[in-house]
Amino acid sequence: MRRMDNRFEQLREATAESLLHTPAATTNDLRVAVAAGLPPPELAALVQKIRTRAHTVTDQDIDALRAAFTEDQLFEIIVAASFGAAQERLSAALRAVEEA
């Protein structure tokens, strides 16, 4: 089967570049690690929850990290984790369609 056209690939790449590789409140390395599902230990529980069952994230999950991270940093971490999870799901879906 022919590889599916991926008409939004350039937009996803631009989003990834902006999200993961530009100056921000957190380091590029941290955002890349979080997006890949490989966060530092203090973020592991939150990132895992975002990646597997985001609907269960609570204010308490975020409050537990407020002493160590600013609001901007927490926002970037949450967005990076969400983006990474979405990228993985999209890749899996595209592979499944191509293999069907």
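Data overview
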| quantity | calculated |
| --- | --- |
| Enumeration of residues in the stretch 71-93 that are among the aromatic types (F, W, Y) and under 15 Å from A36 (Cα atoms) | F83 |
| Filter result for A67 (at pLDDT 95 or above, on the phi < 0 side of the Ramachandran plot, within 14 Å of the chain's Cα centre (by Cα) and among the aliphatic types (A, V, I, L, M)) | no |
| The listed residue being part of a loop (DSSP other than H, G, I, E, B) and touching a residue at least 24 places away in the same chain (Cβ under 8 Å), out of A81, A67, A25, A16 | A25 |
| Members of the stretch 28-64 found to be surrounded by fewer than 18 Cβ atoms within 10 Å (Cβ to Cβ), part of a loop (DSSP other than H, G, I, E, B), within 11 Å of the chain's Cα centre (by Cα) and on the phi < 0 side of the Ramachandran plot, listed by number | A36, L38 |
| Conditions (1) assigned to a loop (DSSP other than H, G, I, E, B); (2) surrounded by 10 or more Cβ atoms within 10 Å (Cβ to Cβ); number of the one not met by L74 | (1) |
| Residue match in the stretch 85-99 (condition: surrounded by fewer than 10 Cβ atoms within 10 Å (Cβ to Cβ), over 15 Å from the mean Cα position of the chain (by Cα) and in a loop (DSSP other than H, G, I, E, B)) | no |
| All positions within the stretch 1-27 that are over 11 Å from the mean Cα position of the chain (by Cα) and among the aliphatic types (A, V, I, L, M) | M1, M4, L11, A14, A24, A25 |
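The values are calculated or read from the model by the stated rules, or taken from the named source; none is laboratory data. Source: prediction; values computed, not measured. Cβ coordinates were reconstructed from backbone atoms using ideal geometry, including for glycine residues, and neighbour counts include every protein chain displayed.
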